[in-house]
Number of protein chains: 4
Amino acid sequence: MTKPYKLVGREFQQENTHVKVGDAVFGNGSFPVIAGPCAVESEKQVLSIANSVKNAGAKVFRGGAFKPRTSPYAFQGLGKKGLIFLAKVREETGLPIATEVMDVETFDLVEEYADVIQIGSRNMQNFSLLKRAGNSDRPVILKRGMSATLSELLMSAEYILEQGNTNVILCERGIRTFVRHSRNTLDCSVVPAVKKESHLPVIVDPSHAAGIRDQVISLAYASAALGADGVMIEVHNHPEEARSDGAQSLYPDQFITAMEKMMAIHAIIGKKQ
Amino acid sequence: MTKPYKLVGREFQQENTHVKVGDAVFGNGSFPVIAGPCAVESEKQVLSIANSVKNAGAKVFRGGAFKPRTSPYAFQGLGKKGLIFLAKVREETGLPIATEVMDVETFDLVEEYADVIQIGSRNMQNFSLLKRAGNSDRPVILKRGMSATLSELLMSAEYILEQGNTNVILCERGIRTFVRHSRNTLDCSVVPAVKKESHLPVIVDPSHAAGIRDQVISLAYASAALGADGVMIEVHNHPEEARSDGAQSLYPDQFITAMEKMMAIHAIIGKKQ
Amino acid sequence: MTKPYKLVGREFQQENTHVKVGDAVFGNGSFPVIAGPCAVESEKQVLSIANSVKNAGAKVFRGGAFKPRTSPYAFQGLGKKGLIFLAKVREETGLPIATEVMDVETFDLVEEYADVIQIGSRNMQNFSLLKRAGNSDRPVILKRGMSATLSELLMSAEYILEQGNTNVILCERGIRTFVRHSRNTLDCSVVPAVKKESHLPVIVDPSHAAGIRDQVISLAYASAALGADGVMIEVHNHPEEARSDGAQSLYPDQFITAMEKMMAIHAIIGKKQ
Amino acid sequence: MTKPYKLVGREFQQENTHVKVGDAVFGNGSFPVIAGPCAVESEKQVLSIANSVKNAGAKVFRGGAFKPRTSPYAFQGLGKKGLIFLAKVREETGLPIATEVMDVETFDLVEEYADVIQIGSRNMQNFSLLKRAGNSDRPVILKRGMSATLSELLMSAEYILEQGNTNVILCERGIRTFVRHSRNTLDCSVVPAVKKESHLPVIVDPSHAAGIRDQVISLAYASAALGADGVMIEVHNHPEEARSDGAQSLYPDQFITAMEKMMAIHAIIGKKQ
């Protein structure tokens, strides 16, 4: 059967795409970690967390300024103010910034502040947004939709590449299943499956996959073991007070231990692969 | 447990919302049928189909001018030209027009031509689009996402109502499951479940649920039997030549029979309910 | 692709198989209804319900004497005593009896009392049990497993036919999905899909699919509209006191109305099909 | 909410259950590996594979003599002859034997030959079989059903414990989801979730979860990283000639590398946990 995609396929490009974000490289066999809170809440909060995760070895700082929320009554993010706080984090820590863009209207603004732009699960098939991202000079993290097939994920990436932006990092973040003991079900197999089908790097977001702090750590280790090109993890200095996703955010101390073990696992997996 | 939604809930409004689109009323116990091709392909095509479905009893004509497609290489719709053809259909047949809007950028344009605006499954949680729809004076058909829970569907409707637009029609179009003998799995239970939780009308799209012509007819009858507030069905004069969704489009003759039986079933269900 | 099954396929036998159970015929275009409580609780209970459902037009009485229960601490059925009560129902009402068999050890016993033997969802791939059923002279209702594909369902039926018993009635009872507003999700498409692939009759169990009384009625109407070869519905004289599945059992009065409408819908569907 | 289970719960027993099978202990923080072919095909085959996997460090040999197969026409296993070959493996290599039991009728026979008895996914809710296993003096590997919730898995284990057999090893083997790039989807989260809810050991079967050789290796590493109490992996000396599951069986050489890395990962995870 002919593959429905072209530019993202291994047939089109044999060697892995390397996506650079600051000092981090996704796709070259290293294991860069993106960490930070779900949402930017205050300057003090992001600076505190950023210093923690940087010391633990994270290479990119994440934080949402525009938050897609199921409820119109939930905290929707600080918007531009949040982006300014993120810029401050970059200035003070040197960490590049990953943050989500929700629509074409705010794309220019987010692009101005972000080092790598995240497109969320719910927007994986927002084709207008994908096209706009394809015209950006920023790398893009494209999160898999909750019930997207591998082929659909790759086709959405194709929209971006087709417009000229080849710096796309795919991100598995759990799929929706009948399971009730976790928020979503991490699809481990998609990591080797992406690597077979595509030259694009693929990272894992264990925080949204699990939705429960203790499971996040286990899934983070699994992600390293799977041979993913990195992970994106939620860390909060006061998870119990977080304005969103507190239950799945690691404490800074947990993150330090998790980093050590993930890196040790990565070293084993990488060795003979 | 407190419900996460407010304006869309039965607690907030006991009586059913009636949404008027031309002569059709959704939510008042009648069973209006929306029919037409997946995509607008030519003036001749839409006029031919529109006359067929009108004669068979359809109350609203559907046709996509902007098509969200998994592949960037697939037919993306005729755009504004398609909308002009749809206006011609309205002029010639008197049928009101239902057509999809894909993004905020083209909303004004679609709004100008559509009598009822459709928000597709992939955009069910495109919150910027929902807010824009909330500021429209057009009724909105909100299609359930492929893996959306009932609560998430209602919360997305809440975004629209919260901005002031109360004319929202919910639409079940099949969910993604492990099943492989159909494109999606129609979730029958969501019809009575919506009616219990919300005052908004709920219709069914058997075409996208089944993805296979013969199953579409069975599911259409089931939709009438379930007590839905209407259906939306794909009909094409030459399904084998359709530029999208041909395999699930009914032939005009099939649609005539389907209309008769759906109406007869609706009459039975309505009687003592 | 070659079909993995043989005896159950339309290629092997063009004309529909008719399975007779008492006066009822499954597969000949009629719509026999099987009704009764989830579990046999007492002689008085089954006689009371049997008289109700018979008067409403049910053709077969159902009731479980051996109950497969998720918990070892839940009511496991009355066993042989339950079968004796069922025999009494047959004697007094003339209704044939459908009851579940859970294992090979009790097969002889169940076979002695049942007019049609039910194999439950959890046993759909209990191959030893299927082989034993294939050597029975009783018709068999084979319920689809909660996550069985159409092909797997047909292959399980093939086990029975291959041993010589061709009187198999397939039964859709809902599949497990991410949905939480119902116990399971009724897979409507499987009805036309079975009819295309196989000559065996297929009925629907809306009670287990929905798990919620009000939804059961809607799904029962949908089942008739789908062109199923019958339904199996739980009815209880005192649902609130039922020892299992009370929440999904219809009251006798609801069943009377449901019967009328199902039959009226069936008449419409049958007409021109 | 009260837990539906009792004997399997952490509330009932705080400390981990240790299940001994030969030299292997499941549940004490070690990581024993069960390896062997899907089906016993010949004495030569099992001896060859057994020597390979033993040298690589496997602690238990697996091989099916009675095979539950979707199709009645597929290879159903060698039966008693297969068990005799397995006994020969034990005699020659000293490895204890894990093999599946399909029904109560053959339980005595399987029990005579097996060191640990496997109950397959399709039989997870075969309650008669569970009760029989509860009366065995052999340890039991209970595989999770393809769409079983955590609670249902634990309840099935409860059936075994309630009869007196406390030596139960739970086994995650992938769940059925919409995904098509793998045979099933490994549910990583169930490992930490079981450990929280229950004192029973939990192992992972990456072979059935993936269904594709290359993915099996990745999932095996993930299993070690998750903190599972072991894994069960299919290894075949000639996968391309295997009578079942060839596509997911590792070559002996792959297994050697996989063992080394799994053990190295386990050492990291175990350290500070």
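Just so you know, all these numbers are worked out from the coordinates, no wet-lab data involved. Values in this document were obtained by computation on a predicted structure and should not be read as measured data. No Cβ is skipped: glycine too gets one built from the backbone with ideal geometry, and neighbour counts run over all protein chains shown.
Observations on the structure shown:
- Single residue of D:Ile160, D:Ile141 found to be in contact with a Leu (Cβ under 9 Å, 6 or more places away or on another chain), surrounded by 22 or more Cβ atoms within 10 Å (Cβ to Cβ), at the interface with chain C (Cβ under 10 Å from one of its Cβ atoms) and not in a loop (DSSP other than H, G, I, E, B): D:Ile160
- Restricting C:Glu241, C:Glu234 to residues that are free of Cβ contacts under 8 Å to residues at least 40 places away in the same chain and either more than 20 Å from B:Val179 (Cβ to Cβ) or within 18 Å of the chain's Cα centre (by Cα) (or both) narrows the list to C:Glu241.
- Exclusive hit being within 18 Å of A:Thr166 (Cβ to Cβ) and acidic (Asp, Glu), set A:Glu11, A:Glu41: A:Glu11
- Close pairs from region B:168-186: first under 12 Å from B:Lys143 (Cβ atoms) and within 11 Å of another protein chain (Cβ to nearest Cβ), partner hydroxyl-bearing (Ser, Thr, Tyr) and part of a loop (DSSP other than H, G, I, E, B), Cβ under 9 Å, at least 6 apart: B:Gly174/B:Ser182; B:Gly174/C:Ser189; B:Ile175/A:Ser147; B:Ile175/B:Ser147; B:Ile175/C:Thr177; B:Asn184/B:Thr177; B:Asn184/C:Ser189
- B:Lys81 touching a Phe, Trp or Tyr at 6+ places or on another chain (Cβ under 8 Å) and either on the phi < 0 side of the Ramachandran plot or not hydrophobic (A, V, I, L, M, F, W, C) (or both): no
- Tally, over region B:99-124, of residues that are surrounded by fewer than 20 Cβ atoms within 10 Å (Cβ to Cβ), of a type in the set (Asp, Glu) and either out of contact with any strand residue (DSSP E or B) (no Cβ under 7 Å at 6 or more places or on another chain) or not in a loop (DSSP other than H, G, I, E, B) (or both): 4
- All positions within region B:115-138 that are among the aliphatic types (A, V, I, L, M) and either within 13 Å of the chain's Cα centre (by Cα) or within 9 Å of chain A (Cβ to nearest Cβ) (or both): B:Val116, B:Ile117, B:Ile119, B:Met124, B:Leu129, B:Leu130
- The set of residues from region A:242-273 being facing chain D (nearest Cβ under 10 Å) and in contact with a Gly (Cβ under 6 Å, 6 or more places away or on another chain) comprises just one member, A:Ile269.
- Residue selected from region C:144-157 under the condition among the aliphatic types (A, V, I, L, M) and in a loop (DSSP other than H, G, I, E, B), by the criterion nearest to the other protein chains (Cβ to nearest Cβ): C:Met146
- Failed criterion for D:His238 (all others in (1) more than 20 Å from A:Leu150 (Cα to Cα); (2) crowded, with 20+ Cβ neighbours inside 10 Å hold): (2)
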